[in-house]
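What follows is one structure encoded as structure tokens, with my remarks underneath.
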């Protein structure tokens with residue numbers, strides 16, 4: 001009792017100091033902000049004639065969710081170009097919305113490749129931009145979002161449909177042709193090479209290794225594809241029908257006719273006009289006065305700067321992107337089979353989460369998870385750190401394109417989970433696979449000659465066949481891990497065991513389906529997650545919230561146990577290439593594949 005009272009006093013003293021520091025920081029920041037805004041707006045008055053009618057944003061490749069954390073000197077490296085992000089698009093739109101003299105934004109889609117979940121995020125940002133422009137600039141009419149399409153993915157066209165005006169190049173194509181999943185099965189190919197893949201799983205819908213052990217879709221896989229495509233296709237139809245104000249049946253019939261020429265799309269009401277890029281000023285302006293169009297980078301310093309009220313609080317942001325594996329996080333210039341080009345290392349994630357836990361300036365934390373899964377051990381280590389963090393401050397999980405298998409495991413301790421409608425999630429199950437190369441070695445005249453101690457010493461060997469007591473031991477460990485996986489979900493989601501059994505088994509769900517099943521709490525984008533985090537932290541509603549990236553600490557942070565009171569209150573490219581070579585040649589890739597209970601989502605599941 002004495003210990004608890006002392007701890008409470010220390011917590012109260014720390015909270016008081018933090019409150020005083022925050023008031024000083026807000027007041028200092030407000031003074032500085034007014035000075036910067038005043039100087040900037042004076043400059044704007046001098047050069048106001050250079051302001052455009054429309055600020056131009058070009059999207060010409062893949063779009064990431066969040067800005068990557070890179071060293072400051074990257075901006076000065078020859079040829080370096082920061083990736084385009086949804087976070088960056090929202091930041092630009094917020095700046096443009098502040099200016100009362102800009103009519104709107106013009107997006108040029110030149111090879112834009114985005115997923116359906118990202119398209120839904122962009123549509124939400126378009127709506128938010130229109131609202132900002134009215135609320136912040138005392139407008140009666142919102143600023144416009146105009147999209148010009150030369151070439152883009154079908155999902156990008158879904159996002160473009162949410163614009164106020166959609167213009168297409170005369171020879172462009174409306175290519176929303178529907179959704180298709182067609183995995184390639186290589187069991188017979190491997191057999192001809194003498195390779196036997198042995199797969200053990202405790203979940204029939206866990207399809208990550210089906211391509212190696214079957215010749216066609218299993219009944220469970222076919223059923224799963226059906227419900228996923230039904231949900232995603234409904235999202236595509238709804239996105240286009242709402243944006244273009246067409247009824248759903250009309251949109252379905254147009255998709256069945258696609259690909260459509262630009263002229264056919266115009267006749268069907270899918271686009272508003274056809275034009276070349278040089279014709280856009282006349283099309284967007286008045287009869288005798290073409291609109292002026294300028295890229296954001298040319299005018300960002302001319303845009304009106306508005307003094308915003310001080311932030312009511314601060315939300316930290318941790319991004320966990322890639323396959324989950326033990327050790328340090330890595331990124332590779334060339335994607336690895338099954339694992340992709342980014343790996344979330346449990347050691348790196350632990351340090352990030354501990355840094356957020358020790359940062360008293362953070363009122364809450366949003367964890368952005370975009371992962372198809374990975375190592376069971378690494379996932380559990382990250383789960384533990386997030387559980388400890390959530391016991392001290394609210395942790396809100398925001399799911400990107402994919403947060404399934406191990407990606408869902410690390411989401412389970414979140415106080416609330418936010419997903420987009422097209423997010424792929426769930427896949428609560430465990431699988432382990434190993435190649436038996438004995439016949440393959442025989443084909444080339446190679447053989448192993450072994451000496452061992454211990455009955456199971458060769459259990460993960462590349463010439464060992466799992467059978468008898470070996471496969472019993474493998475199945476036992478998988479059942480143990482699977483039961484723990486379900487226990488984590490039961491604790492985090494407060495579901496009944498029988499209810500979870502109907503949702504687990506490796507089944508994959510879209511975000512919309514996961515919401516109905518209680519696997520997530522809300523549908524929305526990253527901003528939705530921030531707003532929920534602020535509410536969970538008890539911050540004032542309708543006030544600005546600062547978001548800060550949680551960076552890796554400069555020194556190693558040891559683990560910290562929860563105190564009694566806290567428990568009660570809980571309720572570079574060359575470098576990348578070198579890492580890739582070392583990762584493969586050191587045998588680390590083989591060890592991860594053969595010696596881990598692995599949770600991976602099938603790589604060929606539909607994302608758009």
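Computed from the coordinates by the stated procedures, all read-outs in this text should not be read as laboratory data. The structure presented is a predicted model; accordingly, all values stated were derived computationally and were not measured. Note: ideal-geometry Cβ built from the backbone for every residue, glycine included; neighbour counts use all protein chains shown.
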For the range 109-152, what does the alpha-carbon gyration tensor say about shape, rounded, prolate or oblate, given a ≥ b ≥ c as the root eigenvalues, a/c under 1.5 as rounded, and a/b over b/c as prolate?
oblate
Quick one: what does P(r) look like for the range 287-403 with 10 Å bins over all Cα pairs, in whole %?
12, 33, 22, 18, 12, 4, 1
One can check that the equivalent ellipsoid of the range 350-501, built from the alpha-carbon gyration tensor with semi-axes equal to the square roots of five times its eigenvalues, has lengths in Å, largest first, of 39, 17, 16
Computed log₁₀ I(q)/I(0) - Debye formula, equal Cα scatterers, no solvent, the range 337-417, q 0.16, 0.17, 0.21, 0.23 Å⁻¹
-0.54, -0.61, -0.92, -1.09
Give the span of the range 420-471's Cα atoms along each principal axis, as three whole-Å numbers ordered largest to smallest.
54, 29, 16
Paired Rg and Dmax values of the range 76-184, which use every Cα atom, in angstrom:
15.8, 56
Quote to one decimal, in nm, the extra length available between residue 39 and residue 191 on full extension: 0.36 nm per residue of separation minus the C-alpha distance between them.
47.5 nm
To the nearest 0.05, what FRET efficiency results for residue 498 and residue 306 with a Förster distance of 56 Å applied to their C-beta separation?
0.55
Full-extension gain in nm, residue 516 to residue 46, via 0.36 nm per residue minus C-alpha separation
163.7 nm
Using R₀ = 51 Å, calculate the FRET efficiency as 1/(1 + (r/R₀)^6) where r is the Cβ-Cβ separation of residue 253 and residue 278; round to 0.05.
0.90
Could you order peptides 443-454, 93-104 by the average number of other Cβ atoms within 10 Å of their residues, highest first?
93-104, 443-454
Relative packing of peptides 469-475, 391-397, 260-266 - highest average C-beta neighbours within 10 Å first
391-397, 260-266, 469-475
Sorted by average packing, counted as other Cβ atoms within 10 angstrom per residue and highest first, what order do 493-505, 180-192, 348-360 take?
348-360, 493-505, 180-192
